[in-house]
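Take a look at the structure set out below.
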Amino acid sequence: MRRMFKTNVPTFVTNEGDQVITPFGPSIFQTEIPQNIVKDLIDEGRKLTKEDDFNPKLAGNLKYGRSYHYKRDFIDRLEPFLKDKCEKYFNALIDIAGPKQASLIYETMLVQHNLRERRQGNLRLDTLWVNFSQKHDFNPPHDHSGILSFVIYCKVPEEIFTTQADSNNQHAGEIVFQYSDRIAQFMGSEYPIKPYEGLMFLFPSKLKHYVPPYWVDAERISVSGNFVVI
């Protein structure tokens, strides 16, 4: 059963029930991942060892948890499933904006990455890593490499959202997308989301985002990755 969260920002729902959320310029694709895929991601992630350590290559501050890069054979096995999500994202953009505008969006992304000559290139799942987060771990504002990035939430204890710091930032354990700068009272520059297990977001890799820490003893597991054009 889909748990699609409610939002008051412009939203397009596809025939399959996925959503394209547009809180600002770049659109964010929201879908849900089957439980068997979530289980595979967790099980394979638990097998990874120190030699697969990915912390030094990430913006995240995981002092108490750890990030690990998946083995290439597992990445290749999962790639077709995730590429299908990319296709659904672009198809939704076509439904929303029309073929010409969707093509312009894609070409703009290529230009931003100096890949215009590869307009007919193929997407490749370049990196895939798992984050085992613990109390106090966080991700500062950052973006990703590649052209499209995603995050999948595999384990999200509800209690991480119940305790907040004594501050004006009440988003413990959430993910917050950022775009541009706020220059007027009614121009939102941040879009916070409270994730749940099985939720996936797919978005342009240069869309900044951050994850505030949470304050309870609990493990949160998420998986992230980047697609490149080859």
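The values are calculated or read from the model by the stated rules, or taken from the named source; none is laboratory data. For clarity, every value in this text was computed on a predicted model and none was experimentally measured. Reconstructed Cβ throughout: ideal geometry from the backbone, glycine too, with neighbour counts over all protein chains shown. To get the accessible areas, we keep the full protein, side chains included, count just its heavy atoms, and leave off ligands, DNA and RNA. Shrake-Rupley method; radii C 1.70, N 1.55, O 1.52, S 1.80 Å.
Residue 214: over 23 Å from residue 39 (Cα atoms), among the aromatic types (Phe, Trp, Tyr) and assigned to a loop (DSSP other than H, G, I, E, B), yes or no?
It is true that residue 214 is over 23 Å from residue 39 (Cα atoms), among the aromatic types (Phe, Trp, Tyr) and assigned to a loop (DSSP other than H, G, I, E, B).
For the list (1) in contact with a Phe, Trp or Tyr (Cβ under 6 Å, 6 or more places away or on another chain); (2) under 16 Å from residue 150 (Cβ atoms), I need the number of the one condition that residue 48 fails.
Result: residue 48 passes all but (2).
Looking at the stretch 114-161 only, could you name the residues that are in a loop (DSSP other than H, G, I, E, B), of a type outside the set (Gly, Ala, Ser) and either open to solvent by less than 20 Å² (accessible area, probe 1.4 Å) or modelled with pLDDT of 90 or more (or both)?
Scanning the stretch 114-161 gives 134, 135, 136, 137, 143, 144, 147, 156, 157.
Within the stretch 183-193, is there a residue that is closer than 24 Å to residue 11 by Cβ, modelled with pLDDT of 95 or more, open to solvent by less than 40 Å² (accessible area, probe 1.4 Å) and of a type in the set (Val, Ile, Thr)?
Checked against the condition, which is being closer than 24 Å to residue 11 by Cβ, modelled with pLDDT of 95 or more, open to solvent by less than 40 Å² (accessible area, probe 1.4 Å) and of a type in the set (Val, Ile, Thr), the stretch 183-193 yields no hits at all.
Kindly provide the set of residues from the stretch 171-182 that are open to solvent by 10 Å² or more (accessible area, probe 1.4 Å) and either modelled with pLDDT of 95 or more or not small (Gly, Ala, Ser) (or both), ordered by number. So that I can check it myself, show each step before the final result.
Taking the stretch 171-182 and keeping what is open to solvent by 10 Å² or more (accessible area, probe 1.4 Å), we get 171, 174, 178-182.
The answer is 171, 174, 178, 179, 181, 182.
Has the stretch 44-67 got at least one residue that is within 30 Å of residue 13 (Cβ to Cβ) and either modelled with pLDDT under 95 or open to solvent by less than 80 Å² (accessible area, probe 1.4 Å) (or both)?
The initial filter retains those residues of the stretch 44-67 that are within 30 Å of residue 13 (Cβ to Cβ), namely none.
No, because not a single residue in the stretch 44-67 is within 30 Å of residue 13 (Cβ to Cβ) and either modelled with pLDDT under 95 or open to solvent by less than 80 Å² (accessible area, probe 1.4 Å) (or both).
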